[in-house]
Structures are given as C-alpha cells and as structure tokens.
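Below is one structure, written out as structure tokens, with a few remarks after it.
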Amino acid sequence: MQELKDTQSEADTRNISIDRVGVKGLRFPIQIQDKLNRIQSTVATVSLAVDLPEEFKGTHMSRFVEALHQHGPLLDVHTALSIPRELLGRLSASRSHVEMEFPFFRAKAAPVTGREGLMDYVVRFEMEAEAGDRLADFKLTVVVPVTTLCPCSKAMSSYGAHNQRGIVTYSVRFASRPVWIEDLIDLVESCASCSLFSVLKRPDEKWVTEKAYENPVFVEDLVRNVALKTQSHSAFSWYRVEAENFESIHNHQAYAVIERDLRS
C-alpha cells in the first residue's frame, strides 16, 4: 500500500504555538449514572482539544474522535477523566482539554398533588490534563432554572410583587469525593424563591405562588445563598455561581457572580 503524505506532521516556520486545537460540536451518545444508580441515556455535545507546539504544522483531528470512541458511552467522573489523559498520549501533547455538555433529566413531583413530570437541566463536564501531572482537573457545572420574586416590589406594593424565571449557572471543583449532580441541583433550588416544576395542578400553582411570595430574593441574595451553602460543604475546593434574572418588568436582565477558591 502506498504511503500517504502526512501534512500535519510537517514543520512550521512561523514560531507561533497554538493554545488549543481540536474538534468541537461533536454530538455523542452517553450514559450517566444517577444518584439512584439508574442509567440515563442522553446526548452530549463534545469539544476535545490539545496544545500544538510551534514546530508542528497541524494536529491529527481523527485521533480526537478515536480517543472518545475508545472509552465507550458509559461515563462517570472517573471514566471521563481518562479521556484528556488519552489525548495527551495519542497526540504527543503537553496539555489537553475536554468539554461535554448534555441535558440531564430528573423526575420531580408537584408539591401538593404529587403529580410527576420530567425537568431537564444542562450539565457540563470540563476536564484538563497536563503532561507530568498525576491528577487531571475536573469542573462540574449545572444550569438550573429557578423562580425569583423581587423583595423591593413586595415591600412597596399593597398587593402582589413582580417575579420571573432565573437561570443559575453553578460550577464546582471537588476537594475529595465527587458530589451527585442531583445534590448540586437541590442546593441551587433551595436558595431561590421557589423551584420550577413541569407539571402543576391548581393546588400546586397556589403553593408555588405563595412559596415565592414568602421567600423574596434579589439576584444578589440568590448568589450569596448558594455561596454560603457551598462554603459550608467540605467537598468543594472551588466554586463559581452566576445568577441571571429575566426581569418581568424590564427590558434587560439582572445578574450577579461570585467565584471563590476554597483551598486558601
């Protein structure tokens, strides 16, 4: 068989290294084990990248996909962390980065009637590895929709208060053992005026309306509430929480961010 030219391995004379090069937007079926030890099938959007030294013209794109396929569809924190290390070896790189974003579904019962419906949340795994380091970095993010009710509006008004849906993007690194995705979602939902439900009958709708009214939070309150609960938990070494409210009486969003390294 005739040997084909390997253009990517040719020398480059511009003396400029590349921080990340690879593939993104790759959809891949995965299976996630939930807290109840059930296997949930979903579809992840995957990005895989490595650094490229200045002396090489290009990287070998097919090797990224091969590394992903080699590990199969069943993922947890430990198996996911092996993928960036696999990239280091396959592509002779010094740094690698892997990101997987996927919808995570959870059955949730209505607060009064108990009617169940599925809630979906965005979950993201971000992993980085460096040659010579024993452990790869792992960051877990959950994107959680919530209800917020404005404390100022409630205080000023004779009746009612404006409320809206908000989005909390909550990222953590673990100090020791990983924490379940469901536990991170619960932590965030407990900090809002009220959580969301996919199925609500009339008694449930009354309950969530009154629940939010009794628990008004600014966007500032929301991120501080999440921060306090995170900092009281020994499992985390770092966190970032961002809350964004889609204001019902304004043509803009309100947002707040807190990021802390808990190792110091």
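The values are calculated or read from the model by the stated rules, or taken from the named source; none is laboratory data. Note that the coordinates shown come from a computational prediction; the quantities given were computed from them, not determined experimentally. Methodologically, a virtual Cβ is constructed for each residue, glycine included, from the backbone with ideal geometry; neighbour enumeration extends over all protein chains shown. These area figures cover heavy atoms from the full protein model, side chains too; ligands, DNA and RNA do not enter into them. Shrake-Rupley method; radii C 1.70, N 1.55, O 1.52, S 1.80 Å.
Here are the numbers:
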read-out	value
Subset of the stretch 10-28 (residues that are open to solvent by less than 80 Å² (accessible area, probe 1.4 Å), of a type in the set (Asp, Glu) and in contact with a strand residue (DSSP E or B) (Cβ under 7 Å, 6 or more places away or on another chain))	Asp12
Scope the stretch 145-184; condition touching a His at 6+ places or on another chain (Cβ under 7 Å) and surrounded by fewer than 16 Cβ atoms within 10 Å (Cβ to Cβ); matching residues	Ser153
Matching option when the condition is touching a strand residue (DSSP E or B) at 6+ places or on another chain (Cβ under 8 Å), part of a helix (DSSP H, G or I) and aliphatic (A, V, I, L, M), among Val257, Val223, Val241, Val217	Val223
Pairs where the first residue, in the stretch 190-211, is closer than 15 Å to Val226 by Cβ and in contact (Cβ under 8 Å) with a residue 24 or more places away in the chain and the second is open to solvent by 50 Å² or more (accessible area, probe 1.4 Å) and part of a loop (DSSP other than H, G, I, E, B), C-beta under 6 Å, 6+ apart	Ser193/Asn215
Lone unmet requirement of (1) without any contact (Cβ under 8 Å) to a residue 60 or more places away in the chain; (2) open to solvent by less than 60 Å² (accessible area, probe 1.4 Å) for Lys108	(1)
Failed criterion for Pro103 (all others in (1) within 26 Å of Ser171 (Cα to Cα); (2) part of a loop (DSSP other than H, G, I, E, B) hold)	(2)
Residues being open to solvent by 30 Å² or more (accessible area, probe 1.4 Å) and either modelled with pLDDT under 95 or aliphatic (A, V, I, L, M) (or both) - total across the stretch 197-228	3
Residue selected from the stretch 51-67 under the condition assigned to a helix (DSSP H, G or I) and not polar (S, T, N, Q), by the criterion surrounded by the most Cβ atoms within 10 Å (Cβ to Cβ)	Phe64
Filter result (part of a strand (DSSP E or B) and open to solvent by less than 20 Å² (accessible area, probe 1.4 Å)) within the stretch 29-50	Ile30, Ile32, Thr42, Ala44, Val46, Leu48, Ala49, Val50
When residues of the stretch 68-100 are limited to those that are of a type in the set (Val, Ile, Thr) and more than 15 Å from Gly22 (Cβ to Cβ), the one most open to solvent (accessible area, probe 1.4 Å)	Thr79
Considering residues of the stretch 229-264 that are polar (S, T, N, Q) and crowded, with 16+ Cβ neighbours inside 10 Å only, the residue nearest to the chain's Cα centre (by Cα)	Thr230
